[in-house]
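Visitor: To start, I am sharing the structure in question, which I have written as structure tokens.
The values are calculated or read from the model by the stated rules, or taken from the named source; none is laboratory data. Not measured: the values here are computed from a predicted model. Don't worry about glycine lacking a Cβ; one is built from the backbone with ideal geometry, like all the others, and counts go over all protein chains shown. To get the accessible areas, we keep the full protein, side chains included, count just its heavy atoms, and leave off ligands, DNA and RNA. Shrake-Rupley method; radii C 1.70, N 1.55, O 1.52, S 1.80 Å.
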Amino acid sequence: MSVKIAVIGGTGVYDPKMLNNLSREKVATPYGDIEVTIGELSGKRVAFLPRHGAGHTVPPHLINYRANIWGLKTLGVKQIIATTAVGSLNLNMKGGDFVLIDQFLDFTKNRIYTFYDGGERGVIHTDVTEPYCPELRKIIYNAAKELGYTVHPAGTYVCTEGPRFETAAEIKMFAKLGGDLVGMTSVPEVVLAREAEMCYASISLVTNYAAGISPNPLTHEEVVEMMTAKSEQLKNLIAKTIENLDPDRNCWCQRAVSGQSQLGK
Ligand code: HPA
């Protein structure tokens with residue numbers, strides 16, 4: 001039985017404790033090996049991959065995004081539920097709220113954004129009008145509502161290069177451009193998932209108000225603290241989503257490159 005669902009855990013989400021019958025698996029990719037934990041939930045097989053490594057040892061700008069997505073594709077994954085810690089620029093999105101981001105503004109500077117570098121695989125221009133799978137977002141939204149959690153159905157995520165936090169002036173600019181939230185990891189992860197014709201949605205958890213809005217200097221500790229405080233809810237939300245998810249669903253994301261993606265093979 002192949003693994004059709006994956007969870008990519010962000011900051012504060014390192015432990016696949018919502019899964020049963022765990023096993024570890026190493027997957028070889030052209031970009032290096034990845035290690036995932038595979039388990040079961042609601043009769044479905046699920047792969048778990050902590051984006052920053054098990055002990056948060058890999059910073060956002062050094063994550064091997066291509067290996068992660070390629071490795072999940074090799075396992076047969078069709079749907080990815082990612083988690084991200086975010087700062088908020090939008091006073092309506094408060095600490096502890098979940099947001100199912102629907103758009104991004106890319107302010108990263110030095111990453112590899114594509115599997116298609118010319119050569120054998122050619123040149124592909126992938127549509128990202130709606131980068132986060134609307135169907136998967138809807139399922140997560142309904143699961144959050146079912147659980148009675150505070151959830152926003154949409155939001156624009158500004159992706160910064162990190163690992164530093166932002167200046168107050170940068171945050172002011174991002175707010176003027178329409179950003180709601182700021183984080184360091186969603187790009188290029190979501191784009192590579194689309195190139196690999198996988199559904200991808202992110203559960204963003206607001207951990208702090210962004211620089212210049214927060215009355216205090218920002219710390220990684222406050223981010224981790226909020227993620228820890230909300231870890232039970234996040235775990236429940238992921239579990240309920242997986243329970244409600246049809247792993248054989250084949251939506252538009254899975255034909256984004258005309259169903260021609262040879263990635264992960
Ligand atoms: N900025 C960038 N990334 C973040 C933040 C922030 O304020 N909070 C959590 N991740």
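Visitor: Which whole-number percent gives the relative contact order of segment 1-49, counting Cα pairs below 8 Å spaced six or more residues apart? Working shown, then result.
Guide: Numbers: 76 pairs, mean separation 22.1, N = 49.
Computed value for segment 1-49: 45 percent relative contact order.
Visitor: Another question, if that's okay. For Asn92 and Glu130, FRET efficiency with R0 = 25 Å and r from the beta-carbon atoms, rounded to 0.05?
Guide: On the way: r = 22 Å, r/R0 = 0.88.
Calculated value: 0.70.
Visitor: Looking at segment 1-108, send over the antiparallel percent of its DSSP beta bridges, to the nearest 5.
Guide: Counting only bridges with both partners in segment 1-108, antiparallel ones make up about 55 percent.
Visitor: Which parts of segment 193-214 would a label at His56 reach, counting a residue when its backbone N lies under 14 Å from a point 7 Å out along Cα-to-Cβ?
Guide: Inside the label zone: 207-208.
Visitor: May I ask you to give the percent of accessible area on segment 34-78 that is carbon plus sulfur, with a probe radius of 1.4 Å?
Guide: On the way: 770 of 1470 Å².
C and S atoms contribute 52 percent here.
Visitor: For a test of the definition: using alpha carbon positions, the gyration tensor, and the 1.5 limit on a/c, classify segment 191-246 as rounded, prolate or oblate. Spell out each step's value before the answer.
Guide: Working: a/c = 3.58, a/b = 1.62, b/c = 2.21.
Oblate, since a/c reaches 1.5 and b/c is not below a/b.
Visitor: Moving to a separate point now. How large is the charge dipole for the chain, taken about the Cα centre, if only the Cβ atoms of Lys, Arg (+1) and Asp, Glu (-1) carry charge, to the nearest 20 debye? Could you put the intermediate results ahead of the total?
Guide: On the way: 27 positive and 28 negative charges, 66 e Å.
The calculation lands at about 320 debye.
Visitor: What do you get for Rg/Rh over segment 214-265 if you use C-alpha atoms and the Kirkwood form of Rh?
Guide: Ratio of gyration radius to Kirkwood radius: 1.24.
Visitor: Multiplying the sequence separation of Glu25 and Ala168 by 0.36 nm and subtracting their Cα-Cα distance, what value in nm do you get?
Guide: Details: separation 143, 0.36 × 143 = 51.48 nm, distance 4.27 nm.
Result: 47.2 nm gained on full extension.
Visitor: Given a 1.4 Å probe and heavy atoms of the protein chains only, how would you sort Ser258, Ser186, largest accessible area at the top?
Guide: Numbers: Ser258 90, Ser186 0 Å².
The residues order as Ser258, Ser186, largest area first.
Visitor: Restricting to the chain, compute how many DSSP beta bridges are antiparallel as a %, nearest 5.
Guide: Numbers: 15 of 44 bridges.
In the chain, approximately 35 percent of DSSP beta bridges are antiparallel ones.
Visitor: Within segment 15-31, find all residues whose amide N lies under 13 Å from a label point positioned 7 Å from the Cα of Lys235 along Cα-to-beta-carbon.
Guide: 15-20
Visitor: What is the ratio of the Cα radius of gyration of segment 5-250 to 2.2 N^0.38 Å, with N the residue count, to two decimals? List each step's numbers first, then the result.
Guide: Working: Rg = 17.0 Å, N = 246, 2.2 N^0.38 = 17.8 Å.
Rounded to two decimals, the normalised Rg is 0.95.
Visitor: Continuing with this model, one more query. Which one of Tyr116, Pro188, Leu218 has its Cα pushed farthest toward the positive end of the charge dipole of the chain, where Lys and Arg give +1 and Asp and Glu give -1 at the Cβ?
Guide: Working it through, the farthest residue towards the positive pole turns out to be Tyr116.
Visitor: Write down the accessible area per residue of the chain in Å², having rolled a 1.4 Å probe over the full set of protein chains. Walk me through the numbers on the way to the answer.
Guide: Numbers: 11350 Å² over 265 residues.
Computed with neighbouring chains in place, this is 43 Å² per residue.
Visitor: Tyr31: accessible area at probe 1.4 Å, nearest 10 Å²?
Guide: 50 Å²
Visitor: What residues qualify as long-range amide H neighbours of Gly155, i.e. H under 5 Å apart, gap of 5 or more or another chain, H built at 1.01 Å from N?
Guide: Excluding prolines and chain starts, which carry no amide H, the hits are Asp102, Gln103.
Visitor: How do Arg66, Arg249 stack up against each other in accessible area, from largest to smallest, with a 1.4 angstrom probe?
Guide: From most accessible down to least: Arg249, Arg66.
Visitor: Using the per-residue mean of other Cβ atoms lying within 10 Å as a proxy for protection, in what order, highest first, do the peptides 232-243, 12-23, 190-201 fall?
Guide: Numbers: 232-243: 18.9, 12-23: 16.2, 190-201: 25.4.
Result, highest mean first: 190-201, 232-243, 12-23.
Visitor: For the chain, what is the calculated [θ] at 222 nm in deg cm²/dmol (nearest 500), taking -39500 (n - 2.57) for each run of four or more DSSP H residues and dividing by its residue count? Spell out each step's value before the answer.
Guide: On the way: 6 runs with 68 residues, N = 265.
The helix contribution divided over the chain gives -8000 deg cm²/dmol.
Visitor: Gain in length, Glu146 to Lys176, computed as 0.36 nm per residue apart minus the alpha-carbon separation, to one decimal in nm? Please list the in-between numbers first.
Guide: Details: separation 30, 0.36 × 30 = 10.80 nm, distance 3.39 nm.
Extra length from Glu146 to Lys176 when fully extended: 7.4 nm.
Visitor: Here is a further query. Please label the shape of segment 159-265 as rounded, prolate or oblate, based on the square roots a ≥ b ≥ c of the eigenvalues of the alpha-carbon gyration tensor (a/c under 1.5 means rounded; beyond that, a/b larger than b/c means prolate, else oblate). Kindly include the intermediate steps, with their values, before the conclusion.
Guide: Values: a/c = 2.79, a/b = 1.57, b/c = 1.77.
Cα axes put segment 159-265 in the oblate bin.
Visitor: Let me ask something else about it. Considering only DSSP beta bridges with both partners in segment 63-195, what is the antiparallel share in %, to the nearest 5? Could you put the intermediate results ahead of the total?
Guide: Values: 2 of 12 bridges.
So the antiparallel bridges in segment 63-195 amount to around 15 percent.
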